[in-house]
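Written below as structure tokens is the structure these notes are about.
The values are calculated or read from the model by the stated rules, or taken from the named source; none is laboratory data. Since the structure is predicted, the reported quantities are computational estimates derived from the model, not experimental observations. Cβ placement follows ideal geometry from the backbone for every residue including glycine, while neighbour counts extend to all protein chains displayed. What goes into the accessible areas is simple: the full protein's heavy atoms, side chains included, and nothing from ligands, DNA or RNA. Shrake-Rupley method; radii C 1.70, N 1.55, O 1.52, S 1.80 Å.
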Amino acid sequence: MSTHEPQAWFLFSGEEETSALNHPWPESQVGGVEFVVDEALGSLGRNELLGLYRDLAEKMLAVFRELVPPGEWLYALDYHHTNYRLFPHVPFEKGATLEEMTGNYTEEHFQMAQRKIQPPPFASRWPVTIQPDGDPEHWFAPPDFRFVYSARYTVQSSNGQATGEVETYELRGRELVEAVERNMPKLFRLGRRLPVSK
């Protein structure tokens, strides 16, 4: 009898990866909103922002568990990095620190790294994070793509100069939108809610 804990994240590649990355998303008419968070990002302290990311991760994990039956999984996709299947009902978040849950150093450890002092290592519990984390786009979807959660990062610029960061969280599919609205992440409340138009 195995004593190994169940695993939540599984790497995949090949034809399945290509098919998932190119799969069409639900049309915006069948339910779609986006939350654009920009001005708030520049005004938050690092630990405050990580607290919002942790709240986002916990609430989206609860939504995924609500929408995906036990034993089933979601794609966790990123064009630029490794792709996974996520089995959301496996309790991979149990006992996670703020750093492990967000994939980012806290203010204290970030300052240590800036001073060239090696902070304690940690392993992110989310190989594909629920926030964009400086990447162009991450998304989560069941195999039939009946809903899609997407997190995008862009930099605003004016006259060739960076003027601010923007995180856009897009929800496609009525069941996903309704589930999120029942327990809205705090980060989304700091952004502008817009309909998905494309």
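Details
- Picking from residues in region 1-31 that are open to solvent by 40 Å² or more (accessible area, probe 1.4 Å) and of a type in the set (A, V, I, L, M, F, W, C), the one that is farthest from PHE87 (Cα to Cα) is VAL30.
- Here region 79-92 is the region considered, the condition is being assigned to a loop (DSSP other than H, G, I, E, B) and either more than 17 Å from PHE140 (Cα to Cα) or among the aromatic types (Phe, Trp, Tyr) (or both), and the residue that is most open to solvent (accessible area, probe 1.4 Å) is TYR79.
- Looking only at region 55-78, and only at residues there that are assigned to a loop (DSSP other than H, G, I, E, B) and of a type in the set (D, E, K, R), the one that is modelled with the lowest pLDDT: ASP78
- Any chance GLU34 is touching a residue at least 24 places away in the same chain (Cβ under 8 Å), part of a helix (DSSP H, G or I) and surrounded by 11 or more Cβ atoms within 10 Å (Cβ to Cβ): no
- Residue in region 15-29 that is in contact with a Phe, Trp or Tyr (Cβ under 6 Å, 6 or more places away or on another chain), outside any loop (DSSP other than H, G, I, E, B) and within 22 Å of ASP135 (Cβ to Cβ) present: yes
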